[in-house]
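> Structure below; questions to follow.
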Amino acid sequence: MRLFGEKITIRDLTFKDSKDFYEFGKDPNIGPQAGWKPFPNYDVACRMLSNLILSKETYAITEIDSNKLIGTISIYNYGIRKYKFVKSLGFSLASAYHNKGYMTEAVKLVINYIFKKTDCKLIEVGCHTDNLASKRVIEKCGFKYDGKLEKFKALYDGRIVDAYFYSMTKEEFEEMELI
């Protein structure tokens, strides 16, 4: 997949991304918001990157001019809803790029791709209740609030977190697109 926005490109992850992946993934403010432990070293980052490349569900978010990896966005075929025609999103972004519109642009590009190029009828997305930045992105992109799931999951550090969940149907997307 290759999607082009004004500031970013979304493309397949490659092993050439390993240094950038490690740099943003070791940040203690990034992984925990998404539920994963910051990378303790480069080797761990490379193993994680390898797994993501093999899964074919996670894509690179890169600066359009430099091709530098600044984050990832995932399209999962599973999530809270367990039936065909549903996709679930996940995303993370390097701290230096927060509050600059990069992730909102990435999510909108992926929504457009999913509804126009796949047979998906509904996209779901969630975030931990303390992840206000992700919550803002989700709401800016037009997702409708489904509810809060108490004690959603246990994290790597033993904390159990609640999560907000949102969704968008293909019909809702088509209505928004006309505006």
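> If you check LYS117, LYS151, LYS135, which single one turns out to be closer than 20 Å to PHE4 by Cα, modelled with pLDDT of 95 or more and not hydrophobic (A, V, I, L, M, F, W, C)? It would help to see each step written out before you state the result.
Working: LYS151 fails: closer than 20 Å to PHE4 by Cα; LYS135 fails: closer than 20 Å to PHE4 by Cα.
Selected residue: LYS117, the only one of LYS117, LYS151, LYS135 that is closer than 20 Å to PHE4 by Cα, modelled with pLDDT of 95 or more and not hydrophobic (A, V, I, L, M, F, W, C).
> Further question: Could you check region 67-78 and list, in sequence order, the residues that are more than 13 Å from the chain's Cα centre (by Cα) and over 17 Å from LYS26 (Cα atoms)? Outline the logic, then answer.
Looking only at region 67-78, we keep the residues that are more than 13 Å from the chain's Cα centre (by Cα), and these are 67-69, 77-78.
Those that are more than 13 Å from the chain's Cα centre (by Cα) and over 17 Å from LYS26 (Cα atoms): ASN67, ASN77, TYR78.
> Here's something else I'd like to know. Among the residues of region 38-85, what is the count of those that are charged (D, E, K, R) and open to solvent by 80 Å² or more (accessible area, probe 1.4 Å)?
6
> Can I ask one more? Failed condition for LYS153, given (1) more than 14 Å from LEU93 (Cβ to Cβ); (2) under 17 Å from the mean Cα position of the chain (by Cα); (3) touching a residue at least 60 places away in the same chain (Cβ under 8 Å), with all others met?
(2)
> Starting from residues that are among the aromatic types (Phe, Trp, Tyr) and part of a strand (DSSP E or B), keep the ones in region 126-159 and report whichever is surrounded by the most Cβ atoms within 10 Å (Cβ to Cβ). It would help to see each step written out before you state the result.
The first filter runs over region 126-159 and keeps only residues among the aromatic types (Phe, Trp, Tyr), leaving 143, 145, 152, 156.
Remaining after also requiring part of a strand (DSSP E or B): 145, 152.
Values: TYR145: 12, PHE152: 18.
That would be PHE152.
> A further question on this structure: Tell me, which residue of region 1-24 that is part of a helix (DSSP H, G or I) and in contact (Cβ under 8 Å) with a residue 40 or more places away in the chain is most open to solvent (accessible area, probe 1.4 Å)?
For region 1-24, the residue satisfying everything is GLU23.
> Against the conditions (1) under 27 Å from TYR156 (Cα atoms); (2) open to solvent by less than 10 Å² (accessible area, probe 1.4 Å), where does GLY35 fall short? Just the number, please.
Going through the list (1) under 27 Å from TYR156 (Cα atoms); (2) open to solvent by less than 10 Å² (accessible area, probe 1.4 Å), GLY35 breaks only (2).
> Report yes if ILE114 is within 25 Å of LYS19 (Cβ to Cβ) and open to solvent by less than 40 Å² (accessible area, probe 1.4 Å), otherwise no. First the steps, then the outcome.
On the way: within 25 Å of LYS19 (Cβ to Cβ): no; open to solvent by less than 40 Å² (accessible area, probe 1.4 Å): yes.
Here the answer is no, as ILE114 does not meet what is asked.
> Of everything in region 28-47, what is at pLDDT below 95 and in contact with a Phe, Trp or Tyr (Cβ under 9 Å, 6 or more places away or on another chain)? Give them in sequence order.
ILE30, GLY31, PRO32, ALA34, GLY35, TRP36, LYS37
> What is the number of the single condition among (1) open to solvent by less than 70 Å² (accessible area, probe 1.4 Å); (2) out of contact with any Lys or Arg (no Cβ under 7 Å at 6 or more places or on another chain) that LYS108 does not meet?
(1)
The values are calculated or read from the model by the stated rules, or taken from the named source; none is laboratory data. Quantities reported herein were computed from a predicted structural model and do not represent experimental measurements. Don't worry about glycine lacking a Cβ; one is built from the backbone with ideal geometry, like all the others, and counts go over all protein chains shown. Surface accessibility is based on the protein's heavy atoms, side chains included, excluding ligands, DNA and RNA. Shrake-Rupley method; radii C 1.70, N 1.55, O 1.52, S 1.80 Å.
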